[in-house]
Amino acid sequence: MRLALLVPGSLDQLTGGYLFARRIVDGLRARGDVVAVTELDGCFPDADGEARDAAAAALGGTGGGEAVVIDGLALAGFEACLAAEAARLRLIAWVHHPLADETGLDERARARFRGIEASLLPRCRGVICPSDATAQAVAAYGVAPARLAVAPPGTAKPARARSAAAPGDALRLLTVATATPRKGHLVLIEALARLPRKDWRLRCIGSLQRDPAYVASLRQAIAAQGLAERVTLQDEIPPEALDEAYAAADLFVLPSFHEGYGMALAEAMAHGLPILATSAGAIPTTVPEAAGILVAPGDADALAEALSRLIEEPALRARLAAGAAAAGRALPDWDEAVTRWRNGVARLLR
């Protein structure tokens with residue numbers, strides 16, 4: 001297989017989507033496939049002038065004999081050039097979740113992204129998605145089911161066993177997510193502030209650079225609720241260090257407003273961590289009932305109630321941890337994920 005992958009910014013970024021893409025690229029190359037990666041300059045997903053110029057140049061310089069896979073985060077940059085190139089190129093969109101589903105957009109921006117996706121996605125040869133939930137959202141843009149492929153990411157099995165907390169120690173909560181509105185950090189802080197018991201500590205790991213205004217509001221909320229000594233915000237860390245963070249936690253919490261799959265949830269389950277998350281997007285299909293408790297997104301009361309139960313009931317945590325470990329063992333590894341992704345793209349190209 002010969003393909004060109006167009007991604008916004010550096011492929012070395014540590015968010016789930018970029019880690020997924022890098023694993024696919026490495027896996028394809030290891031099998032002898034030729035993958036040319038173009039890292040697009042400019043601001044995405046808003047697509048400033050620099051981004052649109054980079055997108056047009058990338059498409060214009062691509063030969064018609066190879067497949068061209070466009071990361072959905074960059075899709076808005078191709079608004080002016082994709083229609084003209086669609087007849088010449090074999091285009092595949094790789095949509096982790098629709099741009100219009102991002103949390104915090106005003107209605108004007110949401111409508112703009114919805115219009116761009118509705119216009120561009122049906123022009124592609126096909127769309128590859130990480131979950132059935134994302135595929136259903138893409139189908140709503142008028143993409144026929146036969147032109148959709150579902151290929152979830154793989155999950156690396158943990159290098160070390162999870163360490164149990166000592167009796168009497170504070171419960172160790174872990175959140176792994178970029179600090180943006182979609183991930184629900186502010187809802188989590190609101191819920192934690194309502195807990196009568198304070199024998200817990202929360203460690204939040206994820207980029208603090210992508211939305212400085214949101215991070216500032218998050219720090220303000222932590223201080224206002226008097227939780228500065230219990231909540232730690234930590235910038236993104238490499239996968240090997242993240243493996244140690246999972247091993248050192250007792251409970252994984254991710255109150256997202258939307259997830260196209262939820263790689264951090266899968267990683268937490270692989271480490272045998274009980275899960276507390278929301279019922280948004282693909283989360284209910286990623287996290288089985290036996291592995292965690294799911295509440296409505298944005299519901300701080302329900303989140304606080306679930307947190308109280310999990311803190312006060314060790315037997316419940318143990319039962320969910322066992323369910324999470326079983327679910328984690330059933331998750332595809334990265335070799336399986338590369339095979340499924342490759343087969344999906346090959347089918348769409350045919």
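The values are calculated or read from the model by the stated rules, or taken from the named source; none is laboratory data. None of the values given here were measured: they were computed from a predicted structure. Reconstructed Cβ throughout: ideal geometry from the backbone, glycine too, with neighbour counts over all protein chains shown.
Taken over region 44-55, residues that are touching a residue at least 40 places away in the same chain (Cβ under 8 Å) and crowded, with 22+ Cβ neighbours inside 10 Å amount to 2.
In this entry, Val150 is excluded by the filter for residues that are surrounded by 22 or more Cβ atoms within 10 Å (Cβ to Cβ) and either of a type outside the set (Phe, Trp, Tyr) or touching a strand residue (DSSP E or B) at 6+ places or on another chain (Cβ under 7 Å) (or both).
With respect to Gln234, determine if the residue is under 19 Å from the mean Cα position of the chain (by Cα) and modelled with pLDDT under 95. Against the criterion (under 19 Å from the mean Cα position of the chain (by Cα) and modelled with pLDDT under 95), Gln234 does not qualify.
Would region 165-176 turn up any residue that is touching a residue at least 60 places away in the same chain (Cβ under 8 Å), outside any loop (DSSP other than H, G, I, E, B), more than 30 Å from Ile222 (Cα to Cα) and among the β-branched types (Val, Ile, Thr)? No: zero hits. On the stretch given as region 67-88, residues that are in a helix (DSSP H, G or I) and closer than 25 Å to Tyr18 by Cβ total 9. Among the residues of region 78-89, those identified as in contact (Cβ under 8 Å) with a residue 40 or more places away in the chain and more than 23 Å from Arg2 (Cβ to Cβ) are Glu79, Ala83. Counting only helices (runs of 4 or more DSSP H) that fall entirely inside region 234-350 and contain at least 2 residues that are under 30 Å from Leu91 (Cα atoms), the qualifying elements are 263-270, 283-286, 334-349.
Answer yes or no: is there a residue in region 99-106 that is at pLDDT below 95, in a loop (DSSP other than H, G, I, E, B), over 23 Å from the mean Cα position of the chain (by Cα) and outside the structural domain of Ala248 (by TED's automatic domain parsing). There is no residue in region 99-106 that is at pLDDT below 95, in a loop (DSSP other than H, G, I, E, B), over 23 Å from the mean Cα position of the chain (by Cα) and outside the structural domain of Ala248 (by TED's automatic domain parsing). Residue count for region 179-197 satisfying the condition of being under 17 Å from Ala221 (Cα atoms) and assigned to a loop (DSSP other than H, G, I, E, B): 5. Just wondering, is there one or more residues in region 139-147 that are closer than 22 Å to Ala321 by Cα and surrounded by fewer than 18 Cβ atoms within 10 Å (Cβ to Cβ)? No; the residues of region 139-147 include none that is closer than 22 Å to Ala321 by Cα and surrounded by fewer than 18 Cβ atoms within 10 Å (Cβ to Cβ).
Yes/no per residue for (1) in contact with a Leu (Cβ under 9 Å, 6 or more places away or on another chain); (2) farther than 17 Å from Ala249 by Cβ; (3) modelled with pLDDT of 95 or more:
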| residue | (1), (2), (3) |
| --- | --- |
| Leu294 | yes, yes, yes |
| Ala304 | yes, yes, yes |
| Ser308 | yes, yes, yes |
| Glu312 | no, yes, no |
| Ala324 | yes, no, yes |
| Glu336 | no, yes, yes |
| Arg340 | no, yes, yes |
| Asn343 | no, yes, yes |
| Leu348 | yes, yes, yes |
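Every condition in (1) in contact with a strand residue (DSSP E or B) (Cβ under 8 Å, 6 or more places away or on another chain); (2) crowded, with 20+ Cβ neighbours inside 10 Å; (3) touching a residue at least 40 places away in the same chain (Cβ under 8 Å); (4) among the small types (Gly, Ala, Ser) is met by Ala135 except one, and the failing one is (3). The residues listed here are Ile275, Ile237, Ile205, Ile189; of these, the one that is surrounded by 14 or more Cβ atoms within 10 Å (Cβ to Cβ) and more than 21 Å from Arg162 (Cα to Cα) is Ile189.
Taken over region 121-132, the residue count meeting the criterion of being surrounded by 18 or more Cβ atoms within 10 Å (Cβ to Cβ) and within 22 Å of the chain's Cα centre (by Cα) is 7.
Scanning region 295-326 for residues that are buried (at least 16 other Cβ atoms within 10 Å of the Cβ) and farther than 28 Å from Pro181 by Cα yields Gly323, Ala325. Those residues that are farther than 22 Å from Ile311 by Cβ and of a type in the set (Phe, Trp, Tyr), I need them from region 197-249; list them, please. Residue satisfying the conditions is Tyr214 alone.
Inclusion of Ala58 among residues that are touching a Ser or Thr at 6+ places or on another chain (Cβ under 7 Å), in contact (Cβ under 8 Å) with a residue 24 or more places away in the chain and in a helix (DSSP H, G or I) is warranted. Scanning region 75-95 for residues that are closer than 14 Å to Gly61 by Cα and surrounded by fewer than 23 Cβ atoms within 10 Å (Cβ to Cβ) yields Cys81, Ala84, Glu85, Ala86, Arg88, Leu89, Arg90.
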